[in-house]
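Worksheet: the structure to be examined is printed underneath.
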Amino acid sequence: MDAVKKLELLDWVLNLQNDSMLQKLWALKDEANTYPQDEIVGYSALGEPMNIAMYRARLEQGKKDYEEGRYTSHEDFLKEIDNW
């Protein structure tokens, strides 16, 4: 779907006054965002399959690591590469 069609659809939804139709759209959105818990949604850097729960856990751990300063800056990584 091209950008013009998407904008037309967004405009239609923004101006929609029918609560029943809005509820159906909301249900469709929820259904589209629901994965079976065992469905593979991605792979780790080592090629290991991850389901949605594992993927979300990795995201949360990454956020926590960043907030607690457990990461390597780009500059530090470039310095490390020089020592290889």
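The values are calculated or read from the model by the stated rules, or taken from the named source; none is laboratory data. Note that the coordinates shown come from a computational prediction; the quantities given were computed from them, not determined experimentally. Using ideal geometry, Cβ is built from the backbone for each residue, glycine included, and neighbour counts are taken over all protein chains shown.
Looking at segment 33-42, can you tell me whether even one residue there is in the same structural domain as residue 71 (by TED's automatic domain parsing), loosely packed, with under 11 Cβ neighbours inside 10 Å and under 24 Å from residue 71 (Cβ atoms)? There is no residue in segment 33-42 that is in the same structural domain as residue 71 (by TED's automatic domain parsing), loosely packed, with under 11 Cβ neighbours inside 10 Å and under 24 Å from residue 71 (Cβ atoms). Within segment 46-76, if we keep just the residues that are more than 16 Å from the chain's Cα centre (by Cα) and among the aromatic types (Phe, Trp, Tyr), the residue that is farthest from residue 36 (Cα to Cα) turns out to be 71.
Checking each residue in segment 13-32 for being surrounded by 10 or more Cβ atoms within 10 Å (Cβ to Cβ) and either in the same structural domain as residue 51 (by TED's automatic domain parsing) or hydrophobic (A, V, I, L, M, F, W, C) (or both) picks out 13, 16, 21, 22, 25, 26, 27, 28. Does residue 55 satisfy the criteria of being surrounded by 10 or more Cβ atoms within 10 Å (Cβ to Cβ) and part of a helix (DSSP H, G or I)? It is true that residue 55 is surrounded by 10 or more Cβ atoms within 10 Å (Cβ to Cβ) and part of a helix (DSSP H, G or I).
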